[in-house]
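First comes the structure, then the notes that go with it.
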Amino acid sequence: MATAGYVVVTGGYGGLMEATSRGAAEAGGHVVGVTAPALFPNRAGPNVWVAEESAHATLLQRIDCLVEMSAAAIVLPGSIGTLAELVAFWNHAYVARFSDSPPRPLIAVGEPWRSLVPTLAATLDTDGSLVTLVDDEQTAAKELTKRLPG
């Protein structure tokens, strides 16, 4: 996404967030890390690949910032925090129709999303088609590049 000229926004910490930040930075992209220092006092701050930190006091503020800053989202495999972010993006896409706005692209990569999203959509009687399910990051980037303005 960085090579296509997009700013890359991550949770700013380690693991896949750091790997994504590093890839984007090494490709010459600008990386924003959305953090919550008070929630994670044992973390030394954003990873070294983050060029700009957006720090927030609460988890909900952090998630809201991630959603508001993003024209689209690629959700990688993660844990409960990643699920909360996926659901927040999904909910924004769902309610966009009530204001006649197009939903922002939301792409989920691999498991657990391939099995969880259809289950949630059926159980919660919501629109599962708002989440595009793909097998790998390269497919997600190609899909997103097609759906975002250049």
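The values are calculated or read from the model by the stated rules, or taken from the named source; none is laboratory data. Keep in mind the model is a prediction, meaning the values are calculated, not measured. Note: ideal-geometry Cβ built from the backbone for every residue, glycine included; neighbour counts use all protein chains shown.
All of T35, T20 fail the test of being within 19 Å of M1 (Cβ to Cβ), within 15 Å of the chain's Cα centre (by Cα) and not acidic (D, E), apart from T20.
Please verify whether V8 is buried (at least 21 other Cβ atoms within 10 Å of the Cβ) and closer than 23 Å to L133 by Cα, treating the condition exactly as stated.
On the way: buried (at least 21 other Cβ atoms within 10 Å of the Cβ): yes; closer than 23 Å to L133 by Cα: yes.
Spelling it out, V8 is indeed buried (at least 21 other Cβ atoms within 10 Å of the Cβ) and closer than 23 Å to L133 by Cα.
Selection of segment 49-93 for residues being outside the structural domain of P112 (by TED's automatic domain parsing), part of a loop (DSSP other than H, G, I, E, B), surrounded by fewer than 17 Cβ atoms within 10 Å (Cβ to Cβ) and without any contact (Cβ under 8 Å) to a residue 24 or more places away in the chain yields A57, T58. Answer with yes or no whether R43 is at pLDDT below 95, outside the structural domain of A108 (by TED's automatic domain parsing) and of a type in the set (K, R). For R43, the condition - at pLDDT below 95, outside the structural domain of A108 (by TED's automatic domain parsing) and of a type in the set (K, R) - is met.
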